[in-house]
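Note sheet for the following structure.
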Amino acid sequence: RAMATAHTAAHNCRGTRAVDLAVKFADRSQTIVQGYGMPFGGPFEGRDLDGEYFSANTDFMFDFLKADRPLIYHHGLDESMKGEISGRVVEWTKQDEGIWTIAQLDLRARYVDAIRELVDKGALSFSSGAYPTLVRKDDKTGEILTWPWVELSLTPTPANPYAFAGKTVVSRMLYIPARRSIVTVAD
């Protein structure tokens, strides 16, 4: 049965690339979370739930802030946590599938244990925030042209499902065909 499932999954993924899009803890760490903070494209005809998308051409204005970007919960919209800083972004790199981000949770943060539990359960995704008056988009295509990135959030409701949160790469992997839709593969 396992062989048949694997064969079907492989057949369904022909012409696709396997991409790790999960927010997860780094190996042997309970404080370092990593994943695509700003994935390119989206599962809905190349767009996210808002009808927009980042691309390799998006200007994230990485030098806009001279300090570390804060890691917060749900863009500061949660009534309990408000805008409390839960950690800091420590690294980011541009890759073929988007901007890979690494953040470190602050062990002194009031809700760090709750956040770690949610990451363990695969209940959180990354979502980025930008300085709103400098954001530029192509209204016809939905491409985000300029995104002055100022914060990274861990959220249960991301605009882009490609920023899916999970604990490990092995247990959850998304397969993205050239047309950028999700193919479901059984575990």
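Taken together, the values in this text are just the output of simple stated rules run on the coordinates, not laboratory data. All of these numbers come straight from a predicted model, not from anything done at the bench. When we count neighbours, we look across all protein chains shown, and the Cβ atoms used for this are built from the backbone with ideal geometry, even at glycine.
Here is the size of the stretch 68-116 from its Cα atoms: Rg then Dmax, 12.0, 37 Å. Placing +1 on each Lys and Arg Cβ and -1 on each Asp and Glu Cβ, with no other charges, gives the stretch 31-71 a dipole about its Cα centre of roughly 160 debye.
Ranked by the mean number of other Cβ atoms within 10 Å of their residues, highest first, the peptides 32-40, 127-135, 142-150, 76-84 come out as 32-40, 142-150, 127-135, 76-84. Evaluating kT/(6 pi eta Rh) at 25 °C and 0.890 mPa s, with the Kirkwood radius of the stretch 54-135 over Cα pairs in the Stokes-Einstein relation, gives 173 µm² s⁻¹.
The Tyr111 and Ala67 beta-carbon pair, evaluated with R₀ = 22 Å, returns a calculated FRET efficiency of approximately 0.50. Among all the aspartates and glutamates, which ones have a C-alpha under 12 Å from Lys140's C-alpha, if same-chain residues fewer than 8 places away are not counted? The qualifying aspartates and glutamates are Glu52.
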